[in-house]
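One structure is given here, and the rest of the page talks about it.
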Amino acid sequence: MGKAEKEAERLKKQMEALEKEKERTYALFSYEREYAEYQMICGIDEAGRGPWVGPVVAGAVILPKDCDILYINDSKKLSEAKREELYEVIKEKAVAWAVGVVSEKRIDEINILQATYEAMREAISKLKVQPDLLLNDAVIIPKVDLPQVKIIKGDAKSASIGAASIMAKVTRDRMLIEYDKLYPEFKFAKNKGYGTKDHIEALQKYGPTPIHRRSFIKNYV
């Protein structure tokens, strides 16, 4: 195969991949189409329910009706570089977006589920546009006077929820990178606060930091 044929083959594969992604993205808007009578559909998701340190962060995103953003997905299925790239695109193209942040101290006070709801309510309240429907990843948020749809594994099934998961995850990951500078022995930039072997060893050697969730680490200190 000559150079021209190779280039033509490469371009063909590129176009086929792009068409496939457009089809996947179209399918990802099925819930948004199902509830098309609502004008401001807001996706809600969180990051940081499982880690042992730092806040839980919720994202809220209202995408435009004619949204053309490709590659949105459950944030855990994307590379860090892709999440960062999509974070900037969503920030630019969303009708509105916001994050809510609830601290590790508050998590210890009221438990992680209630803290997650609090972060979600905060994110909704900070939106510059009032939503008229919430698409939530696997929860119904108490004390919110808006119609809500609970979607199991919603971050992989709804573009709005997937976008919210990206905003929440990137926000929290950036915080963990900053924490890593304060407590380098815990390797927070790498483990993102999860209870890895290195994390447990550092915890037992150095003791908890001020950003540890005491209710999560009681069996390890």
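Looking at segment 106-128, I want the residues that are touching a residue at least 12 places away in the same chain (Cβ under 8 Å) and have a partner that is among the acidic types (Asp, Glu) and surrounded by fewer than 15 Cβ atoms within 10 Å (Cβ to Cβ) with Cβ atoms under 9 Å, at least 6 apart or on another chain. Which pairs are those?
Listed by first residue and then by second, the contacts come to ALA115/GLU109.
Condition first: in contact with a Leu (Cβ under 8 Å, 6 or more places away or on another chain), closer than 24 Å to ALA27 by Cβ and surrounded by 15 or more Cβ atoms within 10 Å (Cβ to Cβ). Can you find one or more residues in segment 98-105 that meet it?
Within segment 98-105, none of the residues are in contact with a Leu (Cβ under 8 Å, 6 or more places away or on another chain), closer than 24 Å to ALA27 by Cβ and surrounded by 15 or more Cβ atoms within 10 Å (Cβ to Cβ).
Within segment 195-207, track down each residue that is surrounded by 15 or more Cβ atoms within 10 Å (Cβ to Cβ) and either among the aromatic types (Phe, Trp, Tyr) or in contact with a helix residue (DSSP H, G or I) (Cβ under 6 Å, 6 or more places away or on another chain) (or both).
HIS199, ALA202
Where residues in segment 1-33 are closer than 29 Å to ALA119 by Cα and out of contact with any strand residue (DSSP E or B) (no Cβ under 9 Å at 6 or more places or on another chain), which of them is surrounded by the most Cβ atoms within 10 Å (Cβ to Cβ)?
Selected residue: LEU28.
Is it true that ALA189 is in contact with an Asp or Glu (Cβ under 7 Å, 6 or more places away or on another chain), farther than 30 Å from GLU32 by Cα, at pLDDT 95 or above and in a helix (DSSP H, G or I)?
For ALA189, the condition - in contact with an Asp or Glu (Cβ under 7 Å, 6 or more places away or on another chain), farther than 30 Å from GLU32 by Cα, at pLDDT 95 or above and in a helix (DSSP H, G or I) - is met.
Taking LEU135 and the conditions (1) touching a strand residue (DSSP E or B) at 6+ places or on another chain (Cβ under 6 Å); (2) closer than 24 Å to GLY54 by Cα, which numbered condition does it fall short on, given that it satisfies the others?
With (1) touching a strand residue (DSSP E or B) at 6+ places or on another chain (Cβ under 6 Å); (2) closer than 24 Å to GLY54 by Cα applied to LEU135, the lone miss is (2).
I'm trying to understand the selection: among the residues of segment 128-148, which are outside any loop (DSSP other than H, G, I, E, B) and more than 18 Å from the chain's Cα centre (by Cα)?
Matches in segment 128-148: LEU133, GLN148.
The values are calculated or read from the model by the stated rules, or taken from the named source; none is laboratory data. Just so we're clear, the structure is a prediction, and the values are computed from it rather than from any experiment. Every residue, glycine as well, gets a Cβ built from its backbone with ideal geometry; the counts of neighbours run over all protein chains shown.
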